[in-house]
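A short worksheet on the structure shown next.
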Amino acid sequence: MPGFRKTKDAGWADAFAAEADGLEALRPQIRVPQVLDHGLQDGKAYIRLEFLHLERSGNWSALGRMLANLHRQTGPRFGWVRDNYIGLSPQQNGWCDEWLEFWRTRRMQPQLELAKRNGFELEEPSLELLNNHRPQPSLLHGDLWSGNAGFTADGPVVYDPAVYYGDRETDLAMTELFGGFPKEFYRAYNEAFPLDPGYEKRKHLYNLYHLLNHLNIFGGGYLGQVKATLRLLAGLL
C-alpha cells in the first residue's frame, strides 16, 4: 500500500502513538488514512500512513452523515483509554462519569492554568450552560476543523484526530470555529442526528477550549478572541 511518512524528533513518539490510536479507533466508523507503522528509528519518531489523493472540497453531505454515524457510537463514560494531544498541547482524558466534571477538569482547567503560566490572567468561565445538559459519551474526532477533513474520489476522509468520548456538540462546534463547513454538511448531519436545544449557546463554551489552546500555542494574537468569547458567554447566562 502506498504510504507517506511523518518524521519528528524523538520527543514526538508519544504524539504519533496517540495519533495512531485515534485513527484506529475511528476507522471502523468513518474513513481515515490507514496506519501502516509508527515508532522510533535512528533516533527519530515517525508515523507512516496510507497515502491518499485529497481534494479540499467534495460531498459535504456525505461527511455530515458520516460524522453523525460516528457520534452514534458511545462509550461507558466520558474520556478515553489514554491521554493524547490537541495540536501541540497535551490533552487529558481521564475518565469521568459526569460531562460537566469532565469539561471543567479535563478541558477548561488545564488550558486556563497553562494560560496563567504563559502570562495571561483570565477568569474561569461559568459552566452553568452545562448544568442541565446530559449528553451521551459519543465517540469524537476531537479536532475537527476544515484542515482535518478532505475528499477522495470515494468520498470524505478525516485525519489528525484527538479522540475521546464526549459531547458530540464539541465536534460540531469546532467545525464552525475557523471558517465553518458548507451548509449542506450541517443540514445532512441534523437530518441524520438532530442536535439538542441549546447547542447555539453551548458551542461558544466548547470553542473556548480551542481558542485557549491556540492562545497557549501561538500567543497573544488570540487573546482578543478569547476575551470576546468570555464576554459572550457571560451574557448568555
Förster radius 25 Å - calculated FRET efficiency between Arg27 and Glu184, Cβ distance, rounded to 0.05: 0.50
In 5 Å bins starting at zero, report the fraction of Cα pairs in the range 97-237 per bin as a rounded %. 2, 9, 18, 23, 20, 15, 8, 3, 1, 0
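Kindly provide the helix-only [θ] at 222 nm of the chain, computed as the sum of -39,500 (n - 2.57) over DSSP H runs of four or more divided by all residues, to the nearest 500 deg cm²/dmol?
-11500 deg cm²/dmol
If you roll a 1.4 Å probe over the heavy atoms of the protein chains, what accessible area per residue do you get for the range 26-116, in Å²? Don't skip to the end; give the middle numbers.
Numbers: 4630 Å² over 91 residues.
On a per-residue basis, 51 Å².
Skip the ligands, DNA and RNA, and give the accessible area per residue of the range 160-237 with a 1.4 Å probe, whole Å².
Numbers: 3230 Å² over 78 residues.
For the range 160-237, the solvent-accessible area averages 41 Å² per residue.
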For the modelled label position 7 Å from the Cα of Arg231 along Cα-to-Cβ, which residues of the range 179-212 have backbone nitrogen atoms closer than 18 Å? 204-205, 208, 211-212
If amide hydrogens are placed 1.01 Å from N in the peptide plane, which non-local residues have theirs closer than 5 Å to the one on Asn84? Gln91, Asn93
Name the lysines eligible as straight-distance cross-link partners of Lys44: C-alpha to C-alpha under 25 Å, and not fewer than 8 places from it in the same chain. Lys6, Lys8
For labels at Asn118 and Arg104 in the simple 7 Å Cα→Cβ model, what's the distance in nm? 2.4
Separation of the Met1 and Ser89 label points, Cα + 7 Å toward Cβ, nm: 3.2
Hull surface over four for the Cα convex hull of the range 145-227, reported in nm², is 6.6
Using Cα pairs closer than 8 Å and at least 6 residues apart in sequence, work out the relative contact order for the range 1-160, in percent. 27
Interatomic Cα distance distribution for the range 34-104, bins of 5 angstrom, percent: 3, 11, 10, 15, 20, 18, 14, 8, 1
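Assuming R0 = 41 Å, what is the FRET efficiency of Leu223 and Ala62, from their Cβ-Cβ distance, to the nearest 0.05?
0.65
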Taking a ≥ b ≥ c as the square roots of the Cα gyration tensor eigenvalues, with a/c under 1.5 meaning rounded and otherwise prolate when a/b beats b/c, else oblate, which class fits the range 29-72? prolate
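One-quarter of the Cα convex hull surface for the chain, in nm²? It would help to have the intermediate numbers written out before the result.
Numbers: hull surface 52.1 nm².
Mean projected area for the chain: 13.0 nm², to one decimal.
Magnitude of the Cβ-charge dipole of the chain, K/R +1 and D/E -1, about the Cα centre, nearest 20 debye? Walk me through the intermediate numbers first.
Details: 26 positive and 29 negative charges, 49 e Å.
Dipole about the Cα centre, nearest 20: 240 debye.
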Relative to the present Cα-Cα distance, how much length would full extension add between Thr74 and Asn132 at 0.36 nm per residue of separation? 18.9 nm
Equivalent ellipsoid dimensions for the range 1-128 as semi-axes, Å, which come from the Cα gyration tensor, largest first: 29, 23, 15
Heavy-atom accessible area of the range 121-201 with neighbours in place, 1.4 angstrom probe: carbon+sulfur share in percent works out to 45
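The values are calculated or read from the model by the stated rules, or taken from the named source; none is laboratory data. Quantities reported herein were computed from a predicted structural model and do not represent experimental measurements. Counting neighbours? That spans all protein chains shown, and the Cβs are built from the backbone with ideal geometry, glycine included. These area figures cover heavy atoms from the full protein model, side chains too; ligands, DNA and RNA do not enter into them. Shrake-Rupley method; radii C 1.70, N 1.55, O 1.52, S 1.80 Å.
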